[in-house]
Amino acid sequence: MKHNIYLLMLPALFFFCCNHGLEPYKETAGFSGTITYYGTWLPDSEIVTIHLVASKVPPPFPFDSLLTMISSGDVQFIPPDFTQSLPANVSSTHYEMFVPHATYNYLAVVLQKNQTEITPENFPVIGVYTEDTIAFTPKALTVRENQFHRNINITVDFQNFPPTPYAKRRKN
């Protein structure tokens with residue numbers, strides 16, 4: 001009789017202990033790192049929000065196509081809510097960004113300077129993921145399924161911003 005109870009308990013034990021059965025462990029895809037700020041911050045009155053941007057599309061890209069790129073998933077933001085912001089007036093901030101697996105050709109820190117006007121001048125790039133701090137050539141990051149990259153660090157130098165990634169508009 002005792003053996004029958006143990007035989008009944010064995011499947012229950014496996015059921016409660018193995019919530020995904022024999023499925024392999026999946027790590028969430030994405031990357032993390034530190035954004036380090038050098039120099040004097042802009043006045044609080046000039047900072048609305050700060051975001052980390054990951055774009056599958058390499059620059060230059062038209063500023064007016066950003067909404068289309070966001071809705072198609074070609075551009076990811078943190079924080080994803082545009083009314084929220086990464087911390088301002090700090091020396092550094094740690095971030096984690098969970099994204100669909102893809103190659104991200106442009107990782108940048110973007111500052112929103114004006115709440116009402118949506119223009120390239122009001123969304124300057126203040127830091128970019130690069131190994132080249134002279135020309136700021138963006139470094140691509142390939143995130144594979146179940147892969148999480150660490151130490152994807154970005155430097156913001158308030159005396160030396162990277163060039164704008166926005167394509168110049170053609171005059172008609």
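The numbers here are math on the coordinates, done by the rules we state, and not lab data. All of these numbers come straight from a predicted model, not from anything done at the bench. Cβ atoms come from the backbone with ideal geometry, glycine included; neighbour counts cover every protein chain shown.
What the table below lists for this structure:
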{"quantity": "Proximal aspartates and glutamates to residue 139, defined as alpha-carbon separation beneath 16 angstrom and excluding residues fewer than eight positions away on the same chain", "calculated": "131"}
{"quantity": "Amide H contacts under 5 Å for residue 126, placed H, 5+ residues apart", "calculated": "109, 110, 111"}
{"quantity": "Residues of type aspartates and glutamates that residue 113 reaches as a straight line, Cα spacing below 20 Å, ignoring anything fewer than 8 places off in the same chain", "calculated": "44, 46, 64, 81, 121, 157"}
{"quantity": "Vicinal HN-Hα couplings computed from phi for region 119-128 (Karplus, 6.51 cos²θ - 1.76 cosθ + 1.60; Hz; Gly/Pro x)", "calculated": "9, x, 5, 8, 10, x, 7, 10, x, 9"}
{"quantity": "Considering only region 28-157, percent of DSSP beta bridges that pair antiparallel, nearest 5", "calculated": "80"}
{"quantity": "Cβ charges +1 (Lys, Arg) and -1 (Asp, Glu), total dipole of region 28-157, debye", "calculated": "360"}
{"quantity": "Filtered chymotrypsin sites (Phe, Trp or Tyr not before Pro), region 65-172: DSSP coil and at most 14 other beta carbons within 10 Å", "calculated": "82, 158"}
{"quantity": "Order of 94, 149, 51, 101 - criterion: other Cβ atoms within 10 Å of each residue's Cβ, fewest first", "calculated": "94, 101, 149, 51"}
